[in-house]
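Please read the structure below before turning to the comments.
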Amino acid sequence: MLGIVVGVAAVVCMISIGAGAQAEVSEKIRTLGANLLLVLPGAQNSNGAKLQAGTQPTLTEEDAAAIRRELADVQVAAPLLSRPMPLVAANKNWVTLVAGINADYLVAREWQVVDGRSFTDEEVASGAKVAIVGSVIVEELFDGRAGVGETLRIGNVPFTVIGVLDKKGLGAAGRSQDDVVFIPLLTAKSRVVGAVRGTTREALDFVSVKVSDAAAMSETQQEIEALLRQRHRIRGDAPSDFRIENPADVLTARGAAVRLLGILLIAVASVSLVVGGISVMNIMLVSVTERTREIGLRMAVGASRRDIRWQFLIEALILALLGGLVGAVLGAAAAVAIAWEAGWPILISPWAVVLACGFSGLIGISFGVYPAHRAARLDPIEALRFA
């Protein structure tokens with residue numbers, strides 16, 4: 001039983017952990033926004049060494065507008081300019097990411113404003129001093145109050161909070177997506193982010209491109225690259241001064257790795273079930289030897305070989321099923337503990353429990369056949385004489 005308990009517990013635990021990890025990856029992909037491409041600046045060269053990605057300020061609002069205007073499959077192309085900045089509200093302060101956007105960015109990310117409203121076209125065009133904040137900002141600066149209508153300072157510039165965003169949780173890099181403040185892009189360039197950077201104020205951090213059809217993602221990516229190379233006057237053999245990424249690809253690869261690891265762990269755990277089955281067979285063989293006189297007595301009073309065979313098969317099956325049930329409970333408890341510690345969704349599939357218990361029962365029957373057959377072949381006279 002112990003071998004089967006360990007095997008079933010390991011199988012149930014691994015399947016549940018794998019399902020939880022897959023759900024977590026799927027949720028992160030969902031929070032990024034569907035059919036999303038990121039256009040990022042390239043890397044700058046300094047004394048023959050290539051610096052980190054994004055150090056070459058090559059993307060502008062005009063690039064984003066051209067992508068939206070000239071490519072049929074592009075739903076929105078939202079520019080973004082950001083920088084970590086100090087926030088002050090009353091006697092509280094907080095440092096977070098301040099990003100200049102237009103209303104299209106929230107559309108690209110499928111990010112809902114749960115309290116208040118989004119930016120109007122007039123506010124974006126005039127560079128109004130209004131802000132939309134994440135749920136973390138509400139907790140840290142406003143003690144969980146609604147936040148809408150409150151005033152906060154970004155650097156030395158006062159802003160009025162007009163909206164609070166829906167929670168998205170942790171991003172792919174492990175940073176909270178809700179720890180952010182969005183302001184109109186023109187305001188960011190002229191009053192906050194661009195004024196501090198000391199670089200070209202027209203340069204963007206990236207452009208989020210939402211494609212209308214998932215089937216057109218690859219083709220749209222090629223069209224964006226061709227369009228931007230033409231706009232940036234890059235020759236055919238020269239490298240691009242930008243790069244295009246699909247953020248869901250990284251998480252999809254991570255999900256595939258988690259799934260493969262889960263399959264390998266389940267395969268290893270299944271070995272414990274086989275070992276448990278061998279243990280059941282050995283114990284039943286010992287039981288046949290120890291109960292030889294009992295078997296002979298039963299056969300002497302009328303039990304058939306078929307009755308003896310079924311007796312030992314049922315005993316082996318009960319041992320395996322009890323081990324499977326205990327293992328399923330322990331595996332589910334272990335999965336809950338690990339998922340809670342890792343912050344993953346707790347997903348315990350009933351089918352995994354049924355499958356593991358059914359497999360343990362199959363193991364019990366398979367490895368109980370030989371002991372049952374051996375018991376049924378005993379001669380009742382010789383069995384009664386067995387000391």
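The values are calculated or read from the model by the stated rules, or taken from the named source; none is laboratory data. Just so you know, these numbers come straight off a predicted model, no measurement behind them. Note: ideal-geometry Cβ built from the backbone for every residue, glycine included; neighbour counts use all protein chains shown. What goes into the accessible areas is simple: the full protein's heavy atoms, side chains included, and nothing from ligands, DNA or RNA. Shrake-Rupley method; radii C 1.70, N 1.55, O 1.52, S 1.80 Å.
Miscellaneous remarks
- Of residues in region 143-163 being among the aliphatic types (A, V, I, L, M) and within 32 Å of the chain's Cα centre (by Cα), the one surrounded by the most Cβ atoms within 10 Å (Cβ to Cβ): Val161
- For region 133-175, the tally of residues that are modelled with pLDDT of 80 or more and among the small types (Gly, Ala, Ser) stands at 5.
- Residue count for region 288-313, restricted to those that are outside any loop (DSSP other than H, G, I, E, B), among the aliphatic types (A, V, I, L, M) and closer than 25 Å to Gly361 by Cβ: 4
- Residue in region 109-126 that is surrounded by fewer than 21 Cβ atoms within 10 Å (Cβ to Cβ) and in contact with a Ser or Thr (Cβ under 6 Å, 6 or more places away or on another chain) present: no
- Within region 288-308, residues that are within 13 Å of Arg377 (Cα to Cα) and free of Cβ contacts under 8 Å to residues at least 24 places away in the same chain reach partners that are open to solvent by 80 Å² or more (accessible area, probe 1.4 Å) and in a helix (DSSP H, G or I) with beta carbons closer than 9 Å, at six or more positions or on different chains, in the pairs Ala303/Leu297; Asp307/Arg298.
- Per the listing Ala66, Ala72, the residue uniquely closer than 27 Å to Ala125 by Cα, open to solvent by less than 30 Å² (accessible area, probe 1.4 Å) and modelled with pLDDT of 85 or more is Ala66.
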